Amino acid sequence: MPKVGFPSQAHREMAKTKSKAVLSEVYIPFVQSLYADAYILYWGGITQGATSLIVYLHNGKIAYLLLAIALLGAGLFRYYGIRKRQKLPPPATSEIARQWEVDYLLRGALQGSLLGFYCFVALYLQPDPLAEIASIAVTLACAIAIVGRNYASNQMVLILSTTMTLPISAGVILRGDAYNIALGLLFVPFFTAIVNMSTRVRETFLSVIYEKLKASSLALRFDRALNTMSHGLIMLDRNGLVAVANAEAADLLAFSSPDKLMGRTLKALLMRGVAGGLLSLRDSHYVETQLTRALRDGRDRKLLVSFTNGRHLEFSAREGRDDLGVITFEDVTTRVEAEEKIRYMARYDNLTGLPNRAYFHELVGEFLISGDPQRSCALAVVDLDDFKNINDTLGHPVGDGLIYSVAQKLAGLARDNVKISRFGGDEFMLYFDNVESPEALRAELARIFEVLQGEVDVAGHSLRVQASAGAVMAKVSDTDVDSMFVKADLALYKAKEYGKNGWQVFEATMDAEFRNRQILKADLRHAVEQKLLRVVYQPIVAMDTMRIASCEALCRWDHPEIGPVSPGVFIPLAEEMGIISEISDFVLKAASAECAKWPEHIRVSINLSAKDFRNSNVIAAVNEALALSGLAPDRMEIEVTETALLDDKSSTRNLLEELKALGVRIALDDFGTGYSSLSYLHTLPLDRVKIDRSFIEDITRNERSLQLLRGVVNLSRPLGLSVTIEGVETFEQLKVLALDVKPDLVQGFLFGSALSASGIETMSTTVWPFAQDLKPLRRIVSR
């Protein structure tokens with residue numbers, strides 16, 4: 001088939017010339033138009049012959065009888081030629097159409113020539129007044145029809161105009177006198193007018209047809225673009241009725257074709273979902289209100305709609321042009337399910353399915369800020385006795401089996417006001433809301449130990465469950481989550497002191513630990529003020545080279561009396577005391593100054609507390625540390641925890657963007673231990689994700705853990721994020737990571753403990769000895 005496209009400027013110019021080349025899409029219909037209305041030619045031939053016959057009857061001259069027969073024959077010859085073509089299929093190509101036009105020209109030329117000769121005979125060869133009137137009248141009548149019938153063929157117009165008007169002009173001029181000569185010459189403008197009029201009509205028709213072709217081509221392209229979109233799209237007119245819809249919209253909304261959506265309102269479309277049981281009436285009203293408001297306000301707004309059949313559609317509404325509202329939507333079921341899966345994996349313990357530590361903290365926090373503040377609540381921590389011995393003697397799979405069995409027993413105690421968590425390792429937490437009395441709490445603890453009684457079979461091993469527990473009870477208005485954790489732990493330690501396999505409730509006598517804690521706080525404040533803290537650096541090793549690529553700056557406190565104090569102890573104390581930002585500022589300056597002395601390929605990674613992101617001072621602190629040390633901004637990496645993001649997502653995001661603008665790199669620390677929303681990876685200006693050590697604890701023996709780790713890495717890579725895996729402690733773990741996970745960087749005790757700044761400088765060019773053992777694995781991975 002001929003190619004359809006926009007008529008070019010060249011085509012338009014050709015349409016304005018007499019010797020134009022016309023597109024086949026136009027030329028073929030033009031030729032077909034010549035063969036329309038054949039009856040006009042039929043009656044025209046009869047009329048022409050009849051006038052000549054009347055003249056013959058009037059004057060008896062045989063020439064007019066012959067002309068009558070010839071004119072009638074020419075008219076019928078032309079008529080039957082057209083009728084013959086009408087019975088044939090339309091011409092399929094320009095070549096066939098040209099044959100049709102040639103046939104039309106020959107028949108038309110014959111009739112035009114006879115009609116012109118008829119006038120010449122009447123005016124000059126055998127003049128007769130009646131013959132003159134009859135011939136000129138019938139010829140002029142035919143001349144008027146030349147344009148209307150033959151505009152599609154310039155040649156036919158020229159032939160008919162010539163054969164009809166020139167014989168008249170010649171017949172008049174040959175009479176010889178000046179008046180007839182002048183009269184004859186006046187037929188020349190008449191001839192020219194007919195030709196020009198035909199050209200003008202033809203150009204007009206061509207222009208209209210070309211514009212129609214252009215509009216059709218635009219409509220075709222628009223339709224193709226519209227119906228190949230991956231999103232559903234509907235456009236609403238000013239009356240709120242669907243004016244445009246594409247195929248994807250019809251498919252997503254369960255219509256057989258886009259035409260079925262036309263003329264419907266947004267409410268009608270949503271009510272169709274209500275009628276089908278896919279959407280509640282309340283949700284339908286909410287969706288309609290939100291989308292209508294977006295269209296009215298002119299703001300782009302996205303709305304996720306979940307249907308009862310498990311499908312999720314994301315709608316986006318905005319005001320378009322020409323009073324058209326645009327609503328697009330797409331099926332995001334796969335994305336939502338992936339987010340739900342990741343959210344579940346991040347919130348729940350991989351082994352037991354119970355809420356993990358971070359999510360349990362969140363759940364308890366929600367309980368404490370809601371309801372009657374005067375009610376009492378309780379928290380219990382349950383720890384399995386001598387669990388390490390089971391792992392050491394029977395192996396980790398058996399230990400995991402025991403943990404799972406205990407979790408199943410404890411899960412049976414869960415109620416609306418009782419939440420259970422695997423807090424980590426062999427430790428479980430239970431929160432009791434609205435506890436009536438201390439006796440009620442003791443009854444709950446007794447029930448826990450009753451449930452745990454007996455033996456469980458794990459991989460053919462009959463194991464007796466033995467545990468210790470500590471609990472605390474407090475009025476909601478007088479406590480907080482962390483305080484309850486600490487007091488429950490103190491009670492647990494007391495239970496362990498009493499010989500294990502029992503439980504204790506926190507009492508005032510245990511408050512000595514808190515007094516010691518206060519003393520420790522005072523000592524910590526003094527150490528910060530006197531700058532008695534120090535910074536060490538844990539190597540972060542590039543997976544491909546097994547060389548140090550970065551270091552994590554770690555703060556250390558050597559107490560003058562009790563010796564080294566764990567960061568797990570003094571960092572929470574500093575946060576509680578409100579001096580954590582001073583420690584962060586100290587670490588920033590010290591780490592920047594040391595890193596500036598190291599080889600340029602080594603970066604430094606600095607942890608900032610969630611509390612550091614509660615005001616904009618952190619920006620000034622980072623800027624000052626860079627300025628004082630002269631360290632290139634891209635050699636500093638700031639690690640932010642998910643806790644900081646949960647505190648105030650909007651404010652933290654703004655501060656991270658400001659840090660990013662300085663040129664500093666941003667890493668999400670301990671990914672997987674908190675909420676771990678995919679939106680963090682998508683919306684925050686991150687460069688790196690640091691995956692928590694809990695993900696790799698059992699990857700060498702637990703395929704599910706390996707799959708989970710691989711999934712988290714694969715989710716990060718497409719977002720342009722590099723990946724660091726923490727907690728690498730054995731060469732077996734490193735081999736699994738190199739072969740199956742392929743992170744960018746690794747970190748852990750396998751590469752030694754934290755070093756001094758000079759130690760890092762010394763080790764900067766060192767390749768770890770076991771790098772040679774990884775070469776075969778790298779070749780496997782590269783293949």
Gyration tensor (alpha-carbon) shape descriptor, the range 34-163, a/c threshold 1.5: prolate
Listed residues T204, L734, L554: farthest to the positive end of the dipole of the chain (Cβ charges): T204
Computed FRET value (nearest 0.05) for S437 with H682, which takes r as the C-beta separation and R₀ as 45 Å: 0.40
Per-residue HN-Hα couplings for the range 487-497 [Karplus 6.51, -1.76, 1.60; θ = phi - 60°; Hz; x = Gly/Pro]: 5, 5, 5, 4, 5, 5, 4, 5, 5, 5, 5
By average C-beta atoms within 10 angstrom, highest first, the peptides 124-133, 693-702: 693-702, 124-133
Around I82: net Lys/Arg minus Asp/Glu count, Cβ-Cβ under 14 Å: +4
Built amide H within the under 5 Å cut-off of N501, gap 5+: A467, S468
Members of K302/K419; K388/K496; K597/K660; K388/K521 lying beyond 25 Å, as alpha-carbon distances in this model show: K302/K419; K388/K521
Relative contact order %, the range 509-617, counting alpha carbon pairs below 8 Å whose residues are six or more apart: 25 percent
Helix 703-716 vs. the chain, principal-axis angle (Cα, 0 to 90°, nearest 10): 50 degrees
Rounded tilt (10° steps) of 333-347 against the dominant C-alpha axis of the chain: 10 degrees
C-alpha long axis of helix 617-629 to longest principal axis of the chain, angle in °: 80 degrees
Within the chain, helix-based [θ] at 222 nm, where runs of 4 or more DSSP H residues each add -39,500 (n - 2.57), nearest 500: -17500 deg cm²/dmol
For the chain, the Rg and Dmax computed from alpha carbons only, in angstrom: 46.9, 150
Burial ranking of peptide ranges 477-483, 504-510, 585-591 (average Cβ count within 10 Å, highest at the top): 585-591, 504-510, 477-483
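Relative contact order of the range 317-389: what whole-number percent is it, with Cα pairs under 8 angstrom and at least 6 residues apart?
In percent, rounded to a whole number, it is 11.
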Cα-based shape type of the range 418-458, given that a ≥ b ≥ c are square roots of the gyration tensor eigenvalues and the cut on a/c is 1.5: oblate
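Name the trypsin sites (Lys or Arg not before Pro) in the range 274-366 that are in a loop by DSSP and that have at most 11 other C-beta atoms within 10 Å, would you? Don't skip to the answer; put the middle values down first.
Working: sites: R282, R293, R296, R299, R301, K302, R311, R318, R321, R335, K341, R343, R347, R357; in loops: R299, R311, R321.
Taking the range 274-366 and a limit of 11 other Cβ atoms within 10 Å, the loop trypsin sites (Lys or Arg not before Pro) found are R299, R321.
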Hull-based mean projected area of the range 326-376, where the convex hull spans the alpha carbons, in square nanometres: 6.5 nm²
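Could you order the peptides 465-474, 740-749 from most to least packed, using the average number of other C-beta atoms within 10 Å per residue?
Descending mean neighbour count gives 465-474, 740-749.
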Within the chain, percent of DSSP bridges classed antiparallel, to nearest 5: 70 percent
Aspartates and glutamates with Cα under 14 Å of K690, excluding same-chain neighbours fewer than 8 positions away: E552, E637, E639, E642, D669, D670, E726, D744
For the range 408-442 versus the range 324-378, the gap between their alpha-carbon centres in whole angstrom: 19 Å
Nearest-10 value in Å² for the accessible area of S33, using the 1.4 Å probe: 40 Å²
Mean separation of Cα contacts under 8 Å (6+ apart) over length of the chain, as relative contact order %: 7 percent
Net lengthening on full extension, K388/A627 (0.36 nm per residue, minus Cα-Cα): 81.1 nm
Full-extension gain in nm, E362 to R311, via 0.36 nm per residue minus C-alpha separation: 15.5 nm
Other-chain or far-sequence residues with amide H under 5 Å of R264's (modelled H): V242
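The values are calculated or read from the model by the stated rules, or taken from the named source; none is laboratory data. Model, not experiment: these values are computed from the prediction. Positions of Cβ are backbone-derived with ideal geometry, glycine not excepted, and every protein chain shown enters the neighbour counts. Heads up: the accessible areas ignore ligands, DNA and RNA and are worked out on the full protein's heavy atoms, side chains in. Shrake-Rupley method; radii C 1.70, N 1.55, O 1.52, S 1.80 Å.
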